[in-house]
1. Suppose every Lys and Arg Cβ carries +1 and every Asp and Glu Cβ carries -1, with no other charges. What dipole size does segment 58-141 come out with about its Cα centre, to the nearest 20 debye?
2. Towards the positive end of the charge dipole of the chain, with charges on Cβ (+1 Lys, Arg; -1 Asp, Glu), say which of G16, I129, V154 has the farthest Cα.
3. Fully extended, how many nm does the chain gain between R155 and D10 (0.36 nm per residue separation, minus their Cα-Cα distance)?
4. Over the Cα atoms of segment 18-76, each weighted equally, I'd like the Debye log10 I(q)/I(0) at q = 0.12, 0.15, 0.27 Å⁻¹, rounded to two decimals.
5. Calculate, for the chain, the solvent-accessible area per residue in square angstrom, rolling a 1.4 angstrom probe over the heavy atoms of the protein chains.
6. Can you give me the % of accessible surface on segment 1-157 that is carbon or sulfur? Probe 1.4 Å, all protein chains present, nothing else counted.
7. Tell me, in nm to one decimal, what length is gained between V135 and H33 on full extension, where the rule is 0.36 nm per residue of separation less the Cα-Cα distance?
8. Take every Cα-Cα distance within segment 17-151, group them into 5 Å bins from 0 onward, and report for each bin the whole-number percent of pairs it holds.
Amino acid sequence: MSDYRCIAPDVKLGEGVKLSQFVNLYGCEVGDHTKIGAFVEIQKNARVGKNCKISSHTFICEGVTIEDEVFVGHGVTFINDSYPRATNPDGGLQTEQDWRVETTLVKRGASIGSGVTILANVTIGEKAIVGAGSVVTRNVPADTIVAGNPARPVRHLISNGAGATS
């Protein structure tokens with residue numbers, strides 16, 4: 001059976017990275033011991049930290065930074081353009097020179113549920129949790145659970161000192 005992985009030569013993979021079949025990675029960086037599921041695309045200038053889990057069918061576009069120990073559920077989509085257009089005012093197809101990448105930051109230890117869409121110019125705070133199916137349109141504070149469309153705070157997590165939250 002063939003490998004069915006498209007890994008461009010400019011991809012930087014850390015030690016112990018686990019890649020499923022049917023991945024498409026180019027111009028990106030993936031940290032040590034991160035696991036990438038099937039049918040995941042990670043574009044150029046995107047960064048995934050150490051000890052992350054990126055579940056199947058997820059799209060991580062240019063401009064996204066995912067810090068260490070982040071969980072990303074199945075079918076998560078990141079967006080890097082608030083006002084996408086196919087053509088310029090003159091009717092010609094847009095090129096990379098016609099738009100500016102907008103960034104997204106997912107901080108250490110955050111968890112993103114399956115089916116989430118994350119708009120551009122958003123920061124998801126440390127250890128925050130985004131509920132499945134949510135649409136994240138604004139920053140998510142650290143240690144906060146958000147859910148819905150648009151995602152809104154549901155509750156704040158309080159650490160008990162042993163790593164668990166209540």
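The values are calculated or read from the model by the stated rules, or taken from the named source; none is laboratory data. A quick note: this is a predicted structure, and the numbers were derived from the prediction, not measured. Cβ placement follows ideal geometry from the backbone for every residue including glycine, while neighbour counts extend to all protein chains displayed. Please note that ligands, DNA and RNA were not included when accessible areas were found on the heavy atoms of the full protein model with its side chains. Shrake-Rupley method; radii C 1.70, N 1.55, O 1.52, S 1.80 Å.
1. On the way: 6 positive and 10 negative charges, 68 e Å.
Around 320 debye, computed over segment 58-141.
2. V154
3. Numbers: separation 145, 0.36 × 145 = 52.20 nm, distance 4.12 nm.
Here the segment from R155 to D10 would lengthen by 48.1 nm.
4. Rounded to two decimals, the profile gives -0.20, -0.32, -1.18.
5. Values: 9020 Å² over 166 residues.
Heavy-atom accessible area per residue stands at 54 Å².
6. Numbers: 4230 of 8290 Å².
Looking at segment 1-157 in its full context, I get 51 percent from C and S.
7. Difference between extended and current length: 33.9 nm.
8. For segment 17-151, the binned pair fractions read 3, 11, 20, 25, 18, 12, 7, 3, 1, 0 percent.
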